[in-house]
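The values are calculated or read from the model by the stated rules, or taken from the named source; none is laboratory data. Everything numeric in this text was worked out from a predicted model, so none of it was measured. So basically every Cβ, Gly included, is an ideal-geometry build from the backbone, and we count neighbours across all protein chains shown. Calculation scope for accessible area: heavy atoms of the full protein, side chains included, ligands and nucleic acids excluded. Shrake-Rupley method; radii C 1.70, N 1.55, O 1.52, S 1.80 Å.
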Amino acid sequence: MKKHSQKILVLKRRYDLVMGLGSTIAAFCVWHAGASLGIAQQLDSQETVLESQGTVSPAVYTAPAISESTNFSLVQPANFASVPTPHITSVGRDWALETANAKLGLQPNGFPNLQNAKMELEKSMMALENFLASSPQHQANWLGFLNWNELKAQLAQEKPERQKLAQIEKTFRQNYLGLEYPQFANVRESLKRYIVALRFSADQARSMEFLGQELAKVSEKLQVPDFQKDFDATRQIGETLTNLDQANQAMDLIRVVRSNYSRANLRVLVSNQFVNEKFAKPVNESNPVNEVILGTQIYGQSQMTGFVIPQLVDSSSNAMIRLNLSGNFSSQNIGYNRSVKLHTQGYGSIAASETIALMDSGLVPLNDTCVDANLSSQIDNIEAKLGIVRKIASKQAAKSKPEADAIAEGRLENRVKDQFHSQVSTQIAQANDKIRTPDMPILKRLGLSRPNRVTWSSPEYLALLWNVQQGVQLSAPTSCPLLVEGSGISVQFHESVISNLTDPVLGGRVLRSAEFPALAAQFEGLNDGKPILKDDGEIWSLTMEKFNPVELQLDNGLVTFRIRTEQLDKGDQVLEQPAAIEASYLPVVTDGLLQFHRQGEIRIDFSAKSQKGLKAVTLRSFLKNRFDQVFKETLLEKPINVTEKLPEELQGLKLSSIQVDDGWLQAHLR
């Protein structure tokens, strides 16, 4: 009679396929477009640890906890003076009628309440002053950096200047330690709401006229065939929806139009082939046997060989992976029952599986562990001092063998089920520590919300999707139409990501030559420590376009960067001519390295009718000189090596191709 038991393999292998992806794919990809005017050259997906790069905050906090009563230490500044929408098809819609109805529904009493907005702002300002009072020796530094006296002076005026208030609001959107604290963020957000209330409530008749004109413009754009694919139409639609939303008007129209731009604009697709090749792990483990079955004490050694193979499961809501263990085992045992010694061997197969899901909170086991074992055993020899005893023992062992095998098989299945689930849970806990989304205080400092992530899986792909947008910003109109390869990993990036990230930070911002070095220094760690713009001593300021001042257009194989400005002040000259500066690049992959090669010259166009004259020549010359330092013939100082940025679990992948078309960029890694 025989029975063996196995302490089946401990699943020491880490199932890190989702773990590596979740932490690696960025919320941000490019800030390079406006680097010469204070935009960072490139913002990596990982949190920027400014402290390790030596960036000096205007007033660096060293407090372990933040509260109203916290007594923190502030450092003297170096020089502060220097939710998815349901998709609603647009087919068959009468946009002219819908926009006309929206115009009829405009109501001045829906505008933001100016008095309430001012009270909210003053309340948040008082809270920040109380917060800073816990470190009076540095309170003045912070208040000076934030132009506090100017803010108070503007609030005391009968007619505050929105342009000055807007620049103060932008001061709160910088990458300095401390600006992520709620006391600062509350002032920034309440100031933003006050500026909006001033814009629409100060002159309601004029606001009604303006919104009517905006609706007329968007009505025209919505009637363009395939307007979602028209870059200029999308820009006008996005600007109009922003204005309507700020004015608390036409919410139904906003909802319907946004439904045409509600798809995720940052996507990662992991092929099932990659999952299997990368994360399937062999099992080869030896364990001791120590069991009592039907009164017989069994000792021995068992050997398990096989594989743990991850398998993608069809799931439309949360990505799911089934971990399948398939193994064979054998054992050599000796059983002791009174004076009888039995030499046995066992053999058989075992299969186990458990499903894990990628939820908002991380990886979660579904507790659906299944185990199926198939055991057989044979008696090789029976030792006993007396022949009669050996004969009786042989008959009894043969009679009891089916029952003993069934008992051993049941015990093995229970043991494997417990161990398999326990080990999967342990590895999931370790993986979640890695895939947990970092706090990323840089987002809070810049006033950006963390992108929402959703996942799904099919037998072919595991997908991770992010919607990078703030408020009523527009996202992708469709999923990426580019063909996805059946192996490796595909990263898909929609052109809306850049505008949605940069608009809150740079929209309407005045970039001044005197302040530029301090502004650029906040991001120089992302530019290999090199100055983004050479200081030639020239005095200038550039006012960025209020809506989407930085744009990325992805079409016909080219990546086009576009910067929009409203005004240039150069010395004592004021040139109020809106301009668009753009450069197109061809992405080239060579031996896994990515570089962008400029196609043609930098293009500078003016919105004003006149493209000639002294002002136009002066503006064109100045802008070309500045942007030549950014939009070089080869965009990057050195090619990007994607492999170096991947986590350990994804090492071995290499960038193989870049495709650009229809508003999307797709990078494929093998």
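Within the range 260-282, does at least one residue satisfy the condition of being in a loop (DSSP other than H, G, I, E, B) and surrounded by fewer than 16 Cβ atoms within 10 Å (Cβ to Cβ)?
The answer is yes; a qualifying residue exists.
Restricting to the range 104-155, count the residues that are open to solvent by 80 Å² or more (accessible area, probe 1.4 Å), within 20 Å of Gln183 (Cβ to Cβ) and modelled with pLDDT of 95 or more.
7
State which residue pairs qualify: first residue under 15 Å from Asn328 (Cα atoms) and inside the range 271-284, second residue surrounded by fewer than 19 Cβ atoms within 10 Å (Cβ to Cβ) and hydrophobic (A, V, I, L, M, F, W, C) in any location, beta carbons under 7 Å apart, and separation of 6 or more residues or different chains.
That search, which allows pairs on different chains as well, returns Lys281/Phe307; Pro282/Phe307; Val283/Phe307.
For the structure I just gave you, tell me whether Leu241 is open to solvent by less than 20 Å² (accessible area, probe 1.4 Å), farther than 29 Å from Phe561 by Cα and at pLDDT 95 or above.
No, not satisfied.
Would you confirm whether or not the range 634-649 contains a residue that is modelled with pLDDT under 80, more than 17 Å from Leu586 (Cα to Cα) and open to solvent by 60 Å² or more (accessible area, probe 1.4 Å)?
yes
In the range 589-617, what residues are surrounded by 16 or more Cβ atoms within 10 Å (Cβ to Cβ) and at pLDDT below 75?
Listed by number, the residues that qualify are Lys615, Ala616.
Does Pro64 qualify as being surrounded by fewer than 17 Cβ atoms within 10 Å (Cβ to Cβ) and either farther than 26 Å from Trp148 by Cβ or modelled with pLDDT of 95 or more (or both)?
yes
So which residues in the range 373-406 are open to solvent by 80 Å² or more (accessible area, probe 1.4 Å) and not in a helix (DSSP H, G or I)?
Asn374, Lys385, Leu386, listed by residue number.
Among strands (runs of 3 or more DSSP E) lying entirely in the range 439-519, which contain 3 or more residues that are over 30 Å from Lys278 (Cβ atoms)?
In the range 439-519, the matching strands (runs of 3 or more DSSP E) lie at 510-512.
Just give me the residues in the range 145-185 being within 25 Å of Phe547 (Cβ to Cβ), in a helix (DSSP H, G or I) and of a type in the set (S, T, N, Q), in sequence order.
Hits for the range 145-185 are Gln154, Gln163, Gln167, Thr171.
Looking at Ser326, Ser317, Ser286, can you tell me which residue is within 22 Å of Ser458 (Cβ to Cβ), open to solvent by 10 Å² or more (accessible area, probe 1.4 Å) and not basic (Lys, Arg)?
Ser317
Can you tell me which residue within the range 156-184, out of those that are of a type in the set (Gly, Ala, Ser) and open to solvent by 20 Å² or more (accessible area, probe 1.4 Å), is nearest to Phe111 (Cα to Cα)?
Restricting to residues being of a type in the set (Gly, Ala, Ser) and open to solvent by 20 Å² or more (accessible area, probe 1.4 Å), the top hit is Ala166.
Take the residues of the range 289-314 that are of a type in the set (S, T, N, Q) and within 30 Å of Leu650 (Cα to Cα): which is surrounded by the most Cβ atoms within 10 Å (Cβ to Cβ)?
Gln311
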